[in-house]
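Data first, discussion second: the structure below is written as C-alpha cells.
The values are calculated or read from the model by the stated rules, or taken from the named source; none is laboratory data. These figures come from a predicted structure and were not determined experimentally. Cβ placement follows ideal geometry from the backbone for every residue including glycine, while neighbour counts extend to all protein chains displayed. When the accessible area is computed, the model is the full protein with side chains, heavy atoms only, and any ligands, DNA or RNA have been set aside. Shrake-Rupley method; radii C 1.70, N 1.55, O 1.52, S 1.80 Å.
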Amino acid sequence: MNEHDFDDLLKGAVPDLPPDDIVREVTPWRRAMDRILPGMALCAITLNFFLLNYLLPTIGVILLLLGFRTLRGENGWFRAGWILALAQVACCLLTLILNAAVERNAVFASPLGQVLPLGNGVLHFLLILCLWRGITAVQRKAGIPVHTGSAAALLVWYAALLLLAFVQYDGLLLGIVMIVCYILIIRSLCRLSKETEESGYAVKAAEVRLSDRKLVGAIISVLVLGIVCGYLFFGSYRMSWQAETSEESAELSEIKEELLALGYPGAALNDLSGEDLLACNGALRVVAQECDQPVNSGREVWTVQGNITHITTVYDVKELHLTDVAVELPGETPQWKVFHHFLWTLDPGFCGTEALQLWPAYRDSEGWTSAGDLTGRVLYDENGTVYTAPFHSLAAEGYTADSIFWGERYVRDVFATFSMPENGERQRGYVSYGIEELQAGWIVDSWVNYVHQRHRLQYPVLTAEESRKTSGWNDTGPFITVQNALQFFITETGIDLN
C-alpha cells in the first residue's frame, strides 16, 4: 500500500470531516475556559443532599484556580484572578476542615468565622470582575470588537445573588428567574469563549512548576489531612479533669449518713459534690429509683404463632445504669432537689461528645417553678484515683425544634455537655436542679435524655447537643438517645410513684 492508497482509505473512513476536525488541538485558551466556566457554574449550585453542597463548590473553586493559573501570564486581570482563586481555595479548605471539629460553631460565631463566608462571597465577586476585564483585554489584543456583555451580566447576576442572600430571600419565583438567567449567561459566555478562540489569537499558557494533577493532589492531600486531624484531635470537648481529694468534713459525712438512712442509693450519693451535699442538709425524705438502660440497637426476635408473627427487640446488654433521686428540703413551701445520675457499667466505646438533655419538673407545669442553680459534674476512675470535672457547658437554652407531630416550635431545655476520656473506668456523672411548689397536687415529672455518640462517621461534625436539637429521633446517625423519667405524686399519706 502506497501513500496515496493510505490517504484514500483515511478519507473513506471519515468522509464528512474536514482535515482540521480529525484532530483538534486544545489551545490554552480553550483549556482554561473549559475549566473557568464550569467552575463558575459549580460554585453557584446548592444541592443540600449527599454532601453535594460541599463537593460541588469545592470542585468549582479548584477548576477556577486551574483555569486562571493557565491564563495568569496573559494580562494583569487574569493574574489578579489567579491570586483571588488561590485565596478562595484557601477559604474553602479552611471551612471544610473546620467542619470536622466539634467546636466549629464556636469558630464560625467568632469574628474570623463570620468573615469567612463574607470574604468568600467578595472573592468570587472580584473573580468574576477579573474574568470580565481579562476577556476584554484579550479581545482588544486579538483585534476583534469588544463585546463582553455576558461577563458583565454575570457580575450583575452575582451582585443580585449576594443581595438576595443578605435580605434572606426564600421565595420560589425569583429563584427560578435567577436560575434561568444564570443558564443563559453561562451559555452566552461559552459562545464568547469559542468566538475568541476562533479569532486566531494565540494565548500562551503560563509556565508552571507543578502539573495540574500534582496541584490538585496537593490540595486534596491538605484537605484530607486537615479533616483527619479534626476528627482525631478535635473530636471531643476539652475537659478540666482534676484528681479528687479524699478529705471530707464531719458535716458532709453526717449529711451523707442522713441521706443514706432516708434511702439515697449509696453509689450515686458518693459522687455528689460538697456543694450539693450541703444543699441537702436537713433533708426530710428521699424518693429514688434505679434502672439499667441499653445504649445499643439490640436484636430482633421473630416469634410465629399461627398466622401471626411477633417481632420484638431483645437487649442482651444494658450498659447504662441510671439513678433518679428527689430530696425534699425544709422550707415554708415544699421544695425538692432533683438528681439524675448515670453510670457506665461497661466501656462506652468511642469517646466523642455526650449530652444530658433535661425536661425539668417545672417545664410546661403550673405546679412547680425553678429554685436554685443547675449543678452537677462528671467523674471517672483511673488506677484507683477518682477524677472529676465540671460539665463543658450546663445551661438552659432556647432553640427551635422541628417535629413531625408538632411542627416547628420554640422550646427551652437544659443541656449538660461533656466528653469522657478513652482510658477512664466507671465513667459517670449527674446533673441536679431545685424546684419549689406553686400549686399543690401537681405531679413531679422530671425527664433525662442521655445522648451518646457511638462513632465519628459524620460530616459536618455535630455534637450530641446539636444532634438532639436538630432531630427528635432517639437513634439517628452516630447518636443514640436513652430516656428515663422520675415521676411521683405527693399525697397526704406519702409518695405515690407513677
### Checklist (1) without any contact (Cβ under 8 Å) to a residue 12 or more places away in the chain; (2) open to solvent by less than 20 Å² (accessible area, probe 1.4 Å) applied to Asp364, failing item
(2)
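Looking at the range 341-367, which of its residues are part of a strand (DSSP E or B) and within 15 Å of Ala396 (Cβ to Cβ)? Full working, then the answer.
Within the range 341-367, the subset part of a strand (DSSP E or B) is 341-344, 354-359.
Those that are part of a strand (DSSP E or B) and within 15 Å of Ala396 (Cβ to Cβ): Ala355, Leu356, Gln357, Leu358, Trp359.
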### Query
For the range 66-101, how many residues meet the condition of being among the small types (Gly, Ala, Ser), part of a loop (DSSP other than H, G, I, E, B) and open to solvent by 30 Å² or more (accessible area, probe 1.4 Å)?
1
### Task
State yes or no: is Gly266 surrounded by fewer than 10 Cβ atoms within 10 Å (Cβ to Cβ), of a type in the set (Gly, Ala, Ser) and within 24 Å of Val448 (Cβ to Cβ)?
yes
### Summary
Only unsatisfied item for Ala153, checking (1) more than 40 Å from the chain's Cα centre (by Cα); (2) open to solvent by 30 Å² or more (accessible area, probe 1.4 Å); (3) of a type in the set (Gly, Ala, Ser), is (1)
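From the list Ser240, Ser211, Ser273, Ser249, pick out the single residue that is touching a strand residue (DSSP E or B) at 6+ places or on another chain (Cβ under 7 Å) and surrounded by fewer than 17 Cβ atoms within 10 Å (Cβ to Cβ). Before you say what the answer is, go through the steps one by one.
Details: Ser211 fails: touching a strand residue (DSSP E or B) at 6+ places or on another chain (Cβ under 7 Å); Ser273 fails: surrounded by fewer than 17 Cβ atoms within 10 Å (Cβ to Cβ); Ser249 fails: touching a strand residue (DSSP E or B) at 6+ places or on another chain (Cβ under 7 Å).
One residue alone meets the criteria, Ser240.
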### Query
Name the residues in the range 165-210 that are touching a helix residue (DSSP H, G or I) at 6+ places or on another chain (Cβ under 8 Å), in a helix (DSSP H, G or I) and over 18 Å from Pro145 (Cβ atoms), would you?
Ala165, Leu174, Met178, Cys181, Tyr182, Ile185, Ile186, Cys190
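Residues that are buried (at least 22 other Cβ atoms within 10 Å of the Cβ) and on the phi < 0 side of the Ramachandran plot: find the strands (runs of 3 or more DSSP E) completely inside the range 410-498 holding 1 or more of those. Quick ask: steps written out before the conclusion?
Values: elements: 425-437, 444-453, 479-491, 494-497.
Result: 425-437, 444-453, 479-491.
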## Note on the structure
From the option list Val138, Val107, Val122, single residue qualifying as farther than 21 Å from Tyr459 by Cβ, open to solvent by 30 Å² or more (accessible area, probe 1.4 Å) and either assigned to a helix (DSSP H, G or I) or not aliphatic (A, V, I, L, M) (or both) is Val122
